[in-house]
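Q: Structure in structure tokens, see below.
The values are calculated or read from the model by the stated rules, or taken from the named source; none is laboratory data. Everything numeric in this text was worked out from a predicted model, so none of it was measured. When we count neighbours, we look across all protein chains shown, and the Cβ atoms used for this are built from the backbone with ideal geometry, even at glycine. Accessible surface areas use protein heavy atoms only, side chains included; no ligands, DNA or RNA. Shrake-Rupley method; radii C 1.70, N 1.55, O 1.52, S 1.80 Å.
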Amino acid sequence: MQEDLQLYVDDYGVPCVFGAFTFKAIYDAPAELEDFSMVKAHTVQHQIRYITAQATLTRGMGGTVDGLNFTVREAPLPVGDGKFSTVLLTKA
């Protein structure tokens, strides 16, 4: 059975452009509550999950996710069998 990864990103993805790579990815921005001793702070981790074969993203690379500007914060990490990757982003 051949799985169609593109169907997943077509249904839930947003357009992304990083350098010469144009692809769809699942955007997520989970909020976290950080506890710094006696001070609590809310943080947001911007990230995308994309089909690994569709883009080669590197730290410091700039691009857009659904029209918003971001910079790749660190090297992408493979998910499961590596067909998908996730990468953390910094909002520009």
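Q: Looking only at the stretch 35-53, count every residue that is more than 15 Å from Lys91 (Cβ to Cβ) and either of a type in the set (A, V, I, L, M) or open to solvent by 60 Å² or more (accessible area, probe 1.4 Å) (or both) and tell me the total.
A: Qualifying residue count for the region: 10.
Q: Continuing with the same structure: Exactly one of these conditions fails for Gly80: (1) under 23 Å from Asp4 (Cα atoms); (2) touching a Pro at 6+ places or on another chain (Cβ under 8 Å); (3) not aliphatic (A, V, I, L, M). Give me its number.
A: Among (1) under 23 Å from Asp4 (Cα atoms); (2) touching a Pro at 6+ places or on another chain (Cβ under 8 Å); (3) not aliphatic (A, V, I, L, M), Gly80 violates only (2).
Q: Could you tell me how many of the residues in the stretch 55-76 are touching a Leu at 6+ places or on another chain (Cβ under 9 Å) and open to solvent by 60 Å² or more (accessible area, probe 1.4 Å)?
A: 3
Q: Tell me, which strands (runs of 3 or more DSSP E) wholly within the stretch 12-73 include 1 or more residues that are farther than 16 Å from Ser85 by Cα and among the small types (Gly, Ala, Ser)?
A: 31-36, 39-44, 62-65
Q: Let me ask you something else. Got a number for residues in the stretch 77-92 being open to solvent by 50 Å² or more (accessible area, probe 1.4 Å) and assigned to a loop (DSSP other than H, G, I, E, B)?
A: 4
Q: Let me ask you something else. Condition test on Lys24, is it touching a helix residue (DSSP H, G or I) at 6+ places or on another chain (Cβ under 8 Å) and either of a type in the set (Asp, Glu) or open to solvent by 40 Å² or more (accessible area, probe 1.4 Å) (or both)?
A: Criteria met by Lys24.
Q: Something else: Condition test on Tyr12, is it touching a residue at least 24 places away in the same chain (Cβ under 8 Å) and of a type in the set (Ser, Thr, Tyr)?
A: In short, no.
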